[in-house]
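The values are calculated or read from the model by the stated rules, or taken from the named source; none is laboratory data. Just so we're clear, the structure is a prediction, and the values are computed from it rather than from any experiment. Every residue, glycine among them, receives a Cβ derived from its backbone with ideal geometry; neighbour counts consider all protein chains shown. Please note that ligands, DNA and RNA were not included when accessible areas were found on the heavy atoms of the full protein model with its side chains. Shrake-Rupley method; radii C 1.70, N 1.55, O 1.52, S 1.80 Å.
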Amino acid sequence: MSFLFDEKEKVFLINTEKTSYAMALVDDVNLHHVYYGKKIQSTNLRYLLREDVYPFIPSTAKRETNGYIESATFEYPQTGMGDYRDSAFCVRSMDGYRASELVYAGYNVMAGKPKLEGLPATWGEKCETLQIYLEDKLLGLKVTLNYSVFDGNDAIIRSVFVENQGKEPVYLEKVLSSCVEMFNKDFEMMTLPGSWARERHIQKMPVGYGRQNAASFRGKSSPQEHPFMALVTPGTNQTQGEVYAMNFVYSGNFIAQVERNEFDFVRMTMGIHPEGFCWKLEPGDTFTAPEVVNVYSATGLETMTRTFHHLYREHLIRSPYLHKERPILINNWEATYFDFDEKKLIDIAKEASKLGIEMLVMDDGWFGKRNNDDCSLGDWQVNEEKLKGGLPYLVEEVKKLGMKFGIWFEPEMICPDSDLFRAHPDWAIQIPGRDIIQSRAQYVLDLTRQEVVDAVYDMIDQVLKSADISYVKWDMNRFLTNLGSAALPADRQGEIYHRFMLGVYQLQERLITDYPDLLLENCSSGGGRFDPGMLYYSPQIWCSDDTDAIERLAIQEGTALIYPLSTMGAHVSVCPNHAIGRTTPFETRGNVALAGTFGYELDITKLSDEEKELVKEQTKQYHKYHRLVADGEYYRLASYQENNAYDCFMVVNSDQSKALVFYVQVLSHAQVKSRFVPLRGLDEAKTYSVNGVTYTGDVLNNVGLRIDIEWGDFQSKIFEIEALS
Ligand code: GLA
């Protein structure tokens, strides 16, 4: 990695191992984006500004300032002074004017990264940051653009600080975190839209003129849209094509947008969604915009995926569990829903412990008077009528079986029918005089208030102190509405969305600090808040409430496009599947779940003897394969979404001595007896054994592995590959 400022050319050049990013100054005042792409060494890049061609002639020409402002490629574009593309920054002064002129004011190169107060962020040594300072002299604003690069990783991580050095407060209406401009390129936009139980399906569409975006202002990153966007050149596949990707290290509202203008310039931006956002910045205060991870690949999607996987494994996830074997868990949600007591849970644990399962997770319904989803969120006290002997008894019984114990919470919520709401009706987010919109009979707690954060934390803390609890599933089952806080003044109500997220982050930070050995799994109506922000606190996130093995193929493919397999919560459940009613073989359900953090979500006491034997095999397989799945390099070989027939991917360890190929045949077709799938990532000079048969690496990579198709739909196989020489 290196940062260079060429004084003569007035060009900044950021170099990672394989990519370069360049900016140039015009008139020593305006900062322009000039290049992002394959690595270059030269700073001879001013020609890209076309300063001699109308309308790009800069402001010194005076006569036509507007033409220049509306067409040049700004590094951090702003509202109000003639750039009509979507901006990255918008500020309103106390007297109501909505404009800024951010001019260049210097730079700094620092070892490491500046701290992003209260926010999740990548971390680690062997990192350098370029800070570029911009200022608006009239308002007294200082804006710092941060660009961080870790040694050995091609991502460029951007965040923004805004400091009010003036005498008056200002209102920040938009502070995006990243903006990249490109010239004359045809692109397709890749995003990961979905819905509840159908999260992160890969979607590609051409980029036309005007604006296209992926966005959420639901108060969380959401299952509907995902804080990820990649622009890819047409024909891009796993190994070919150019890719410009952005992923937001944040779990609240976001916008990821592409805009193509009349000059065929393409502006790509990402940051906190401006909808509902207005932050009052007092003199002396600083606002921090969360970071965006920017990745460029000249060699297709696989390189992009690898850059994200390595960055997140090495520089984002902090949990010690990242490198530890996660206990195989059994969760009682799909087994019992709300209908359980301590006897039922102990029965499940007894059977599970015999089959190699290592942890019982008690899901929703253990607290207050919650026997359905109409009440009690916020009353985090054990329902001792349901669980006789309370938590200490239950946990001890489970531990006697040699198992660990985990528990479910939904800390951000409050039910109208709860003791907490009866005591503190103003603790729900609400607008006075309007009914609070209910969702699953619940409201959202006002976590912008420190006393609410403290009260919720104390309740969780009491429960965790009362017994030996190894795992917490942290759920979040609705969106935010009625944006109003009883504790904020009128001109700060626009801060609720972001302050709410800061409250959530504070809670999770306290939890993992006070309980460093706790395994935290985030969840949000399935995978509705699966984002890099959450991975900073929990090494795994429940991927989806849809546990059907075939539906999971698309969900897990979309998720693994960015996130390591070790982060994907994946369980075996019963058939017909509770989300969609499909029946698939037990083996296939196991093979699909083995590609994530493995577990079960079923009433194990009701399985047949044959199924129980399979559970024994699967739990053994998990221990055998887990490190390879968690740490291995991921190669997407075929996608059922694209070929409508089968799904295939592989993982390979770092010295290419071990690999696993996961294959799922979706529907059976007459006369399709076998197929040859070329592998990737094996050492072509090595000889390998594949499920006991010998091949050379060059043949497996270039000719392919023969996969015989089994009789019947939804069949699957795992191939174990081991180097012999
Ligand atoms: C959400 C989760 C489920 C389960 C229920 C409990 O939907 O995604 O796994 O925990 O809540 O109410």
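Tally up the residues in the stretch 207-250 that are of a type in the set (A, V, I, L, M) and in contact with a Lys or Arg (Cβ under 7 Å, 6 or more places away or on another chain), please.
Of the residues in the stretch 207-250, 1 are of a type in the set (A, V, I, L, M) and in contact with a Lys or Arg (Cβ under 7 Å, 6 or more places away or on another chain).
Would you please name the residue that is farthest from the ligand (Cβ to nearest atom), looking only at residues in the stretch 513-548 that are in a helix (DSSP H, G or I) and either closer than 13 Å to Ser221 by Cβ or touching a Ser or Thr at 6+ places or on another chain (Cβ under 7 Å) (or both)?
Of everything passing the filter in the stretch 513-548, Pro532 is farthest from the ligand (Cβ to nearest atom).
This table checks each residue for (1) closer than 26 Å to Glu710 by Cα; (2) within 16 Å of the ligand (Cβ to nearest atom); (3) among the acidic types (Asp, Glu).
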site: Leu553; (1), (2), (3): yes, no, no
site: Thr559; (1), (2), (3): no, yes, no
site: Ala570; (1), (2), (3): yes, yes, no
site: Tyr600; (1), (2), (3): yes, yes, no
site: Tyr622; (1), (2), (3): yes, no, no
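Six or more apart or on different chains, Cβ atoms under 8 Å: show the pairs whose first residue is in the stretch 302-325 and within 21 Å of Leu119 (Cα to Cα) and whose second is modelled with pLDDT under 95.
Arg313/Leu322
Can you name the condition, by its number, that Tyr515 falls short on among (1) open to solvent by 50 Å² or more (accessible area, probe 1.4 Å); (2) over 25 Å from Phe254 (Cβ atoms); (3) not small (Gly, Ala, Ser)?
(1)
Where the second residue is of a type in the set (D, E, K, R) and in a strand (DSSP E or B) and the first is within 13 Å of Met568 (Cα to Cα) and lies in the stretch 539-551, which pairs have Cβ atoms under 8 Å and are six or more apart or on separate chains?
Gln540/Glu521; Ile541/Glu521; Trp542/Lys473; Trp542/Glu521; Thr547/Glu601
Answer with yes or no whether Ser566 is within 23 Å of Gln238 (Cα to Cα) and either surrounded by fewer than 24 Cβ atoms within 10 Å (Cβ to Cβ) or within 15 Å of the ligand (Cβ to nearest atom) (or both).
yes
Just for the stretch 682-711: of the residues that are outside any strand (DSSP E or B) and touching a Gly at 6+ places or on another chain (Cβ under 9 Å), which one is farthest from Val651 (Cα to Cα)?
Checked the stretch 682-711; the qualifying residue farthest from Val651 (Cα to Cα) is Ala685.
Give me the residue from the stretch 657-703 that is touching a Leu at 6+ places or on another chain (Cβ under 6 Å) and over 30 Å from Thr584 (Cβ atoms) and, out of that set, least open to solvent (accessible area, probe 1.4 Å).
Looking at the filtered set, the residue picked out is Gly697.
For Tyr663, state whether it is in contact with a Cys (Cβ under 7 Å, 6 or more places away or on another chain), over 26 Å from Pro320 (Cα atoms) and among the hydroxyl-bearing types (Ser, Thr, Tyr).
yes
More than 16 Å from the ligand (Cβ to nearest atom) and without any contact (Cβ under 8 Å) to a residue 60 or more places away in the chain: does that describe Ser639?
No.
Among the residues of the stretch 194-219, which ones are hydrophobic (A, V, I, L, M, F, W, C) and closer than 15 Å to Leu553 by Cα?
Correct list: Ala197, Ile202.
Would the stretch 403-419 turn up any residue that is within 28 Å of the chain's Cα centre (by Cα), surrounded by fewer than 22 Cβ atoms within 10 Å (Cβ to Cβ), within 16 Å of the ligand (Cβ to nearest atom) and at positive phi?
No: the stretch 403-419 contains no residue that is within 28 Å of the chain's Cα centre (by Cα), surrounded by fewer than 22 Cβ atoms within 10 Å (Cβ to Cβ), within 16 Å of the ligand (Cβ to nearest atom) and at positive phi.
Just give me the residues in the stretch 645-656 being open to solvent by 40 Å² or more (accessible area, probe 1.4 Å) and among the hydrophobic types (A, V, I, L, M, F, W, C), in sequence order.
none
Which residue out of Gln438, Gln506 is farther than 18 Å from Asn253 by Cα and either touching a strand residue (DSSP E or B) at 6+ places or on another chain (Cβ under 6 Å) or open to solvent by 10 Å² or more (accessible area, probe 1.4 Å) (or both)?
Residue meeting the stated conditions: Gln438.
So which residues in the stretch 441-462 are surrounded by fewer than 20 Cβ atoms within 10 Å (Cβ to Cβ) and within 16 Å of the ligand (Cβ to nearest atom)?
Passing the criteria: only Ala441.
Kindly establish whether Arg198 is at pLDDT 95 or above and part of a loop (DSSP other than H, G, I, E, B).
Answer is yes for this residue.
Go through the stretch 328-344 and give me each residue that's in contact with a Ser or Thr (Cβ under 8 Å, 6 or more places away or on another chain) and crowded, with 21+ Cβ neighbours inside 10 Å.
Within the stretch 328-344, just Ile328 meets the criteria.
Among what's in the stretch 474-490 and is of a type outside the set (A, V, I, L, M), touching a residue at least 40 places away in the same chain (Cβ under 8 Å) and away from the ligand (no atom under 16 Å from the Cβ), pick the residue that is most open to solvent (accessible area, probe 1.4 Å).
Per the criteria, the residue is Thr481.
Kindly indicate the residue of the stretch 346-374 that is under 22 Å from Arg422 (Cα atoms) and open to solvent by 10 Å² or more (accessible area, probe 1.4 Å) and also farthest from the ligand (Cβ to nearest atom) among those meeting that condition.
My answer is Lys369.
Can you confirm whether the stretch 46-59 contains a residue that is assigned to a strand (DSSP E or B) and in contact with a Ser or Thr (Cβ under 9 Å, 6 or more places away or on another chain)?
No, there is no match, as no residue in the stretch 46-59 is assigned to a strand (DSSP E or B) and in contact with a Ser or Thr (Cβ under 9 Å, 6 or more places away or on another chain).
Go through the stretch 23-45 residue by residue and tally those that are open to solvent by 60 Å² or more (accessible area, probe 1.4 Å) and not in a loop (DSSP other than H, G, I, E, B).
The total comes to 1.
Counting only residues that are in a loop (DSSP other than H, G, I, E, B) and of a type outside the set (Gly, Ala, Ser), which one in the stretch 712-723 is most open to solvent (accessible area, probe 1.4 Å)?
Ranking the qualifying residues of the stretch 712-723, first place goes to Asp713.
Of the residues in the stretch 376-389, how many are touching a residue at least 60 places away in the same chain (Cβ under 8 Å) and either open to solvent by less than 10 Å² (accessible area, probe 1.4 Å) or within 10 Å of the ligand (Cβ to nearest atom) (or both)?
Within the stretch 376-389, residues that are touching a residue at least 60 places away in the same chain (Cβ under 8 Å) and either open to solvent by less than 10 Å² (accessible area, probe 1.4 Å) or within 10 Å of the ligand (Cβ to nearest atom) (or both) number 3.
Within the stretch 570-625, which residues are part of a loop (DSSP other than H, G, I, E, B) and open to solvent by 70 Å² or more (accessible area, probe 1.4 Å)?
Residues satisfying the conditions are Pro576, His578, Ile580, Thr583.
Here's a check for you: in the stretch 420-435, which residue that is outside any helix (DSSP H, G or I) and of a type in the set (Gly, Ala, Ser) is most open to solvent (accessible area, probe 1.4 Å)?
Gly433
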